[in-house]
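Nothing in this text is a laboratory measurement; each read-out follows from the coordinates by a stated rule. Because the structure is predicted, anything quoted here is derived from the model rather than measured. Every residue, glycine among them, receives a Cβ derived from its backbone with ideal geometry; neighbour counts consider all protein chains shown.
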Amino acid sequence: MTTRELFQKKLSKIFVLGLLFSLAILAVWGIQQLKQQSFSQTTDLINNREIALATEPILPIPINLELDEAKVQLGNQLFHDPKLSSNDTISCATCHLLDKGGTDRIPTSVGMLGSNTGVNSPTVYNSGFLFRYFWDGRAKSLEEQIEGPISAAKEMGGLGWSEIIEKLNDSPEYVKAFKKLYNQEINQDNIKDAIATFERSLYTPNAQFDYYLKGNKNAISQQAKEGYSLFKSYGCITCHQGMLVGGNMFQSLGLFGDYFADRGNVIKSDYGRYNITGKEEDRYVFKVPSLRNIELTAPYFHDGNPQTLDEAIKLMGKYQLGVDIPQQDVDLIISFLRSLTGEYQGEPLS
Ligand code: HEC
Ligand code: HEC
């Protein structure tokens, strides 16, 4: 077998595993629907029974999730509150702006007193559906993820929970809201629960492509249809698939060629999952990012290196598939990717 055939075989294996993973997630949600919710699971229940298992490798985002609206509101307030940082200057929203696709639109995020985190800020939209969190997947849940920015000196200054709780306790509104919703004093678990519940509310249904998946063949342009077809035939779909068009597996960056040697200036965050597992085979392995709302979240990759979708797609062709994608095809793939932009609270994201 040639290297290409071997690779294709490997990709089809990944593809099947990925699809199985998506099915497993749907099954888990189904079971959760039947169970009573527990405190930690809040309410990530899918309330949209319309979703049949599509024959396509991409599934629509549910139209409606049942979430505790009061917790969403409280989480929204905390997400935007700089009191969670050491000097009251940085909130989650500093790097995840809801009117900038849930990111900061700069190559690598800047936090406390101008410190550079060295990594690109991923979107918080649809983060409730990701299989892992962070580029290297080091957190398993939204609740666990929150520990990261709170404790990172470079992000929010690394204030301890007891000091954060003390600051929040100065606000009678917070004390009252936590008492009412959790029947508890403010603590790190209920802070995390409220923020995570808010993040689960940041899902973006009703992309044109979702209408297309549900049977409206005219919901996307001819170019987008051709782009989708190329997205499948080039093999992008083997890694970017499922409900989020990504977000359900880990993959190496640089299957064909050495992306990092070509880019130069390798830093620790480039090692990806190797930093977590210490295994050589995990060097340069990253979570495959979701491509939902991707037109709104430039620059791209964990390093914020490609400035445009055009550049990102060409790099993907070169390093992930071993092909130089012609400009005409790149443009068609961009048309498809643009059809993945959804709505937040009934308004198109922009
Ligand atoms: C200083 C900028 C900054 C601040 C402040 C910040 N983040 Fe982030 N966020 C990032 C960066 C950069 C990453 C990626 C880090 C990595 O993968 O190593 C990230 C990752 C995430 C992720 C994972 C997304 C994914 O695709 O895996 C979520 C969710 C998230 N942040 C939510 C939050 C919340 C909630 C807060 C507040 C408690 C917060 N962030 C504060 C910059 C920031
Ligand atoms: C072998 C798996 C694999 C294949 C095939 C693949 N990708 Fe990716 N893609 C990734 C990974 C991993 C990343 C994250 C890179 C990083 O962290 O720096 C990524 C990142 C991206 C991004 C940037 C996302 C962001 O939020 O920064 C875009 C856009 C993208 N891919 C599009 C494509 C397109 C279009 C194709 C087909 C031409 C493709 N990918 C093929 C694994 C893959």
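For segment 212-220, take each phi angle, set θ = phi - 60°, evaluate the Karplus expression 6.51 cos²θ - 1.76 cosθ + 1.60, and give the result in whole Hz per residue in order, putting x for glycine and proline.
In residue order, the calculated couplings are 4, 4, 7, x, 7, 5, 9, 5, 10 Hz.
All other residues with a Cβ under 14 Å from the Cβ of residue 319 taken together, and with Lys, Arg as +1 and Asp, Glu as -1, what is their net charge?
-3
For a quick check of your reading of the filter: which GluC sites (Glu not before Pro) in segment 177-236 sit in a DSSP loop and have no more than 14 other Cβ atoms within 10 Å?
Filter output for segment 177-236: 185.
With +1 on the Cβ of every Lys and Arg and -1 on the Cβ of every Asp and Glu, and nothing else charged, how large is the dipole of segment 254-350 about its Cα centre, in debye rounded to the nearest 20?
That gives a dipole near 300 debye.
Among 83/279; 140/217; 140/180; 225/287, which pairs are too far apart, with a Cα-Cα distance over 32 Å?
Pairs exceeding the cut-off: 83/279; 140/217.
Under 20 Å from a point 7 Å along the Cα-to-Cβ line of residue 275: which residues of segment 97-118 have their amide N that close?
Label zone hits: 103-118.
Within 10 Å of each residue's Cβ, count the other Cβ atoms and sort 277, 103 from fewest upward.
Ranked by crowding around the Cβ, least crowded first: 277, 103.
With Rg and the Kirkwood Rh both taken from Cα atoms, where does Rg over Rh land for segment 246-321?
0.95
Using just the alpha carbons, could you tell me how many Å³ per residue the convex hull of segment 149-278 encloses?
Convex hull of Cα atoms, per residue: 202 Å³.
Can you list the trypsin sites (Lys or Arg not before Pro) in segment 125-200 that are in a DSSP coil and have 15 or fewer other beta carbons within 10 angstrom?
140
Suppose every Lys and Arg Cβ carries +1 and every Asp and Glu Cβ carries -1, with no other charges. What dipole size does segment 69-200 come out with about its Cα centre, to the nearest 20 debye?
Here segment 69-200 has a charge dipole of around 260 debye.
Most exposed first by the Cβ proxy, i.e. fewest other Cβ within 10 Å, how do 96, 302, 240 rank?
302, 96, 240
Against the 2.2 N^0.38 Å scaling, with N counting residues, where does segment 69-200 land? I'd like the Cα-based Rg ratio to two decimal places.
Output field value: 1.00.
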